[in-house]
2 protein chains.
Amino acid sequence: MATSATREKILDVAEELFAHQGSRATSLRAITSAAGVNLAAVNYHFGAKEVLIEEVISRRLVTLNGQREQRLLEVRASAVAAGRRPETAEVLMAFVEPTLLFPQSGTGAGNFITLVGRAMADPDETARRIFVRLMQPVLQLFAELLAEAQPELAPEVLYWRLNFVIGALSHTMRGIDRCPLPLEIAVAKSAPELVRLLTGFLSAGMLAAP
Amino acid sequence: MATSATREKILDVAEELFAHQGSRATSLRAITSAAGVNLAAVNYHFGAKEVLIEEVISRRLVTLNGQREQRLLEVRASAVAAGRRPETAEVLMAFVEPTLLFPQSGTGAGNFITLVGRAMADPDETARRIFVRLMQPVLQLFAELLAEAQPELAPEVLYWRLNFVIGALSHTMRGIDRCPLPLEIAVAKSAPELVRLLTGFLSAGMLAAP
DNA sequence: TATTAAATCGAACGTTTGTTCGAATGGGTC
DNA sequence: GACCCATTCGAACAAACGTTCGATTTAATA
């Protein structure tokens, strides 16, 4: 019962529409008509629109955060095994790479990354509350590892640099399917190339003299 | 006629509510009741909600972009006068400093910075279309000066690094009144200190080996 | 085939939304 | 004091929203 064809179709269509118009601007009628199901199906399968939003986010975010956590713990483990500190570059890579490569993990996964990139800046409490709650643990681990990589960095400097990292990453996530800035020099890049560009940029920023 | 007390009050209240809930989630009734004016006053003074949104954004953004453009042109002029290339750090400073110090320019200016930081990530076409149109010229100049500072950088690398800069800056703008990430190490910083932290981070990122 | 529970459907509910309109109000000018 | 134009006001409009409900269909079980 947890998985029905109608239920899955609603989730897929909602994910796509939420990604491109936001959850608030997307009506249940737009979702159900695009999915070819009855309007009442949403409330039958989910109970309320807010629950649907939560399920769209958590459905894939749990997987993504699992990948990020595993990569981060691997970085920590190999550093401990070698009796050294984790390197800033590999910590960043462990968080960024699963994120930007996630769109290749399946149909609709690209929409999800756009959606998450926007949830971080969403003024709507509904979406952001759900999102923050799911992100908190892995974000905490990410912050800890960055601190272990640069123990000499003052906590407040680390905090703000972490914000700059999250800002650059989320902006990249939002524009992963279309160029985020409308400039003449706009050029699309492959996902692996983007990973290299972004982690290089962020590593240099994190390692800058404070 | 261009400035009436009612008109200004509507703009101020709308700016505050838009900043904290988004323009789409803010109803005209919420604005007019908070402003203590009649509901019909909005359509009398602005014609439509979309025009009000546009006016809220453009009212201060024209000023802010003027400051940014002046600073950028000064950087270029002094570089030309000295027969050298502009430095990446001073180009970044010319764009970032007016932005993050703008909240001190008057009552409500802080709300505006939050608002603009969100407009950049807004899925709603209305707000983003207005915003992009107003930002395009100064963004173009910003990109040109960064290219002049690092002529050896490949255009596509420059483009994406510019996106990372905009992402980090807009995320900082969104969280300027409250800590953006809910972490234990969260610490507030004064605006000038934030400017120094951000430009230091971004300079290192821009100057990283490609 | 008869029974039963899950699933789908059409239709309506009450709110809230942006917008419109004619009447009422307000000073400033002849 | 009479007139006038800008402004304000109360009231209503149609449309769109999330949600609810009873009837109907579907599919599996006995």
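Just one of (1) within 16 Å of DNA strand D (Cβ to nearest atom); (2) surrounded by fewer than 17 Cβ atoms within 10 Å (Cβ to Cβ); (3) among the polar types (S, T, N, Q) fails for B:T32. It is (2).
When restricted to residues that are among the hydrophobic types (A, V, I, L, M, F, W, C), within 13 Å of DNA strand C (Cβ to nearest atom) and touching a helix residue (DSSP H, G or I) at 6+ places or on another chain (Cβ under 8 Å), the range B:1-43 contains 12.
Of the set (1) more than 15 Å from the chain's Cα centre (by Cα); (2) surrounded by 17 or more Cβ atoms within 10 Å (Cβ to Cβ); (3) touching a residue at least 24 places away in the same chain (Cβ under 8 Å), all apply to A:R68 but (1). With respect to the conditions (1) without any contact (Cβ under 8 Å) to a residue 12 or more places away in the chain; (2) within 14 Å of DNA strand D (Cβ to nearest atom); (3) within 17 Å of B:F112 (Cα to Cα); (4) of a type outside the set (K, R), B:V51 falls short on a single one, namely (2).
For the range A:3-17, the set of residues classified as more than 14 Å from chain B (Cβ to nearest Cβ), assigned to a helix (DSSP H, G or I) and within 14 Å of DNA strand D (Cβ to nearest atom) consists of A:A5, A:T6, A:I10, A:V13, listed by residue number.
Looking at B:V42, B:V62, can you tell me which residue is over 27 Å from A:R128 (Cβ atoms) and within 15 Å of DNA strand D (Cβ to nearest atom)?
Exactly one of B:V42, B:V62 is over 27 Å from A:R128 (Cβ atoms) and within 15 Å of DNA strand D (Cβ to nearest atom), namely B:V42.
Evaluate the range A:156-171: report whether one residue or more is farther than 19 Å from B:L183 by Cα and more than 7 Å from every other protein chain (Cβ to nearest Cβ). The answer is no, given that none of the residues of the range A:156-171 is farther than 19 Å from B:L183 by Cα and more than 7 Å from every other protein chain (Cβ to nearest Cβ). Scanning the range B:124-160 for residues that are among the small types (G, A, S) and within 15 Å of the chain's Cα centre (by Cα) yields a single hit, B:A127. Of all residue pairs spaced 6 or more apart or on separate chains, those with beta-carbon atoms under 8 Å, a first member in the range B:131-143 that is closer than 14 Å to B:N163 by Cα and a second member that is among the aromatic types (F, W, Y) are B:F142/B:F95; B:A143/B:Y159.
Residues that are at the interface with another protein chain (Cβ under 8 Å from one of its Cβ atoms) and either touching a residue at least 40 places away in the same chain (Cβ under 8 Å) or not in a loop (DSSP other than H, G, I, E, B) (or both) within the range A:176-210 comprise A:L194, A:L197, A:L198, A:G200, A:F201, A:L202, A:S203, A:A204, A:G205, A:M206, A:L207, A:P210, listed in sequence order. If only residues of the range A:18-27 that are within 15 Å of DNA strand D (Cβ to nearest atom) and hydrophobic (A, V, I, L, M, F, W, C) are counted, the one that is farthest from the other protein chains (Cβ to nearest Cβ) is A:F18.
Look at B:A48 and say whether it is modelled with pLDDT of 95 or more and either more than 13 Å from DNA strand C (Cβ to nearest atom) or within 12 Å of another protein chain (Cβ to nearest Cβ) (or both). For B:A48, the condition - modelled with pLDDT of 95 or more and either more than 13 Å from DNA strand C (Cβ to nearest atom) or within 12 Å of another protein chain (Cβ to nearest Cβ) (or both) - is not met. With respect to (1) under 30 Å from A:V165 (Cβ atoms); (2) part of a helix (DSSP H, G or I), the lone exception for A:S23 is condition (2).
Residues that are part of a helix (DSSP H, G or I), in contact with a Lys or Arg (Cβ under 6 Å, 6 or more places away or on another chain) and surrounded by fewer than 22 Cβ atoms within 10 Å (Cβ to Cβ) within the range A:97-136 comprise just one, A:P98.
The values are calculated or read from the model by the stated rules, or taken from the named source; none is laboratory data. In this text, all values refer to a predicted model and were calculated from it rather than measured experimentally. We place every Cβ from the backbone using ideal geometry, glycine too, and count neighbours over all the protein chains shown.
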